[in-house]
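Below is one structure, written out as structure tokens; comments come after it.
Read the figures in this text as sums done on the coordinates, not as results from a lab. Only a predicted model underlies this, so the values are computations on that prediction, with no experimental measurement involved. Cβ atoms come from the backbone with ideal geometry, glycine included; neighbour counts cover every protein chain shown.
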């Protein structure tokens, strides 16, 4: 009985944390807290990106145990790009003017309804952005940061500019504001705001 009293609180905590939600699926929302489990490298679970530099080469999964304030990657995995594309070229991003923004040419998901603040004459939902404060949101703009001439962000690298950190794999980009970790994930198959 003594052993059960030590194990039971841990099991309850794990179940509570797992119930906070996960970022899987198109447009999935996020919860707060931590997740304990194994996730494929390059996936995001409850706003935590598992970058390639965090695991040994050749590893296909990593165990996520805590979610907290994010730290920049080790220097050898950093680059300083203000305009770049995903490794496969489908997503274009820019970090400038106090905003990290990524646009995508083709997607299988639909953005939420156009807000009243976005004029009908202006495209909406072709990207996501995060500023120096607040949460990430969909882009309402007549321009695009998808630049076919921009450098590709190597899959194992993270661009760190000001308070913003963007990294990704072949098909998705995650941008976050440090140290809070507030940000977004964008890919052809899904998006996530956390």
Give me the tail of P(r) for segment 89-194 as a percent: Cα-Cα pairs with distance above 17 Å. 49 percent
So for segment 96-153, using the alpha carbon gyration tensor with a ≥ b ≥ c as root eigenvalues (a/c under 1.5 gives rounded; past that, a/b versus b/c decides prolate or oblate), I'd call it oblate
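Report the extension gain between residue 121 and residue 152 in nm, rounded to one decimal, defined as 0.36 nm multiplied by the number of residues separating them, less their alpha carbon distance. Before the final figure, lay out the partial values.
On the way: separation 31, 0.36 × 31 = 11.16 nm, distance 3.11 nm.
Gain in length upon complete extension: 8.0 nm.
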Point-to-point label distance, residue 170-residue 88, nm (Cα→Cβ direction, 7 Å offset): 0.7 nm
